[in-house]
Amino acid sequence: MWFPELLEEQTGIKAAAPPHGTSAIKISTPGISGEAKRKLVISGISSEGTVSLVSLSGKQVLQKVVTQGTNAVDISSIVRGCYLFRYSNASNNQKVSLIISIQ
């Protein structure tokens, strides 16, 4: 999920939405109760690549190789907050950077 209002409220930085058509990658967090079952679902991946979450202080908290299609990444150990989500594939022809809020 991407909440530009939350980013602006917490940091004072006004965020702009990514340009339409920039990426087919979608990120969601299904409504599953319980800390142990928190997942980040990433769909629209065109080829194998790497996903990472970086805290706003610059610390990388997760890095995972994902495959084409839809992937579910366990985020039960990730502290709730705002993170920079990054995806890039091996040939670097598909890159995505978004600020997301993990609840």
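General observations
- So VAL51, is it at pLDDT below 85, surrounded by 11 or more Cβ atoms within 10 Å (Cβ to Cβ) and in contact with a Phe, Trp or Tyr (Cβ under 6 Å, 6 or more places away or on another chain): no
- THR22 vs. criteria under 14 Å from GLN94 (Cβ atoms) and modelled with pLDDT of 70 or more: no
- Checking LYS37, LYS14 one by one, the residue that is of a type in the set (Lys, Arg), exposed (fewer than 12 other Cβ atoms within 10 Å of the Cβ), touching a Pro at 6+ places or on another chain (Cβ under 8 Å) and at pLDDT below 90 is LYS14 and no other.
- Qualifying positions in the stretch 78-103 - more than 13 Å from LEU40 (Cα to Cα), aliphatic (A, V, I, L, M) and in contact (Cβ under 8 Å) with a residue 40 or more places away in the chain: ALA90, VAL96, LEU98, ILE99
The values are calculated or read from the model by the stated rules, or taken from the named source; none is laboratory data. For clarity, every value in this text was computed on a predicted model and none was experimentally measured. Note that we place each Cβ from the backbone using ideal geometry, even for glycine, and neighbour counts take in every protein chain shown.
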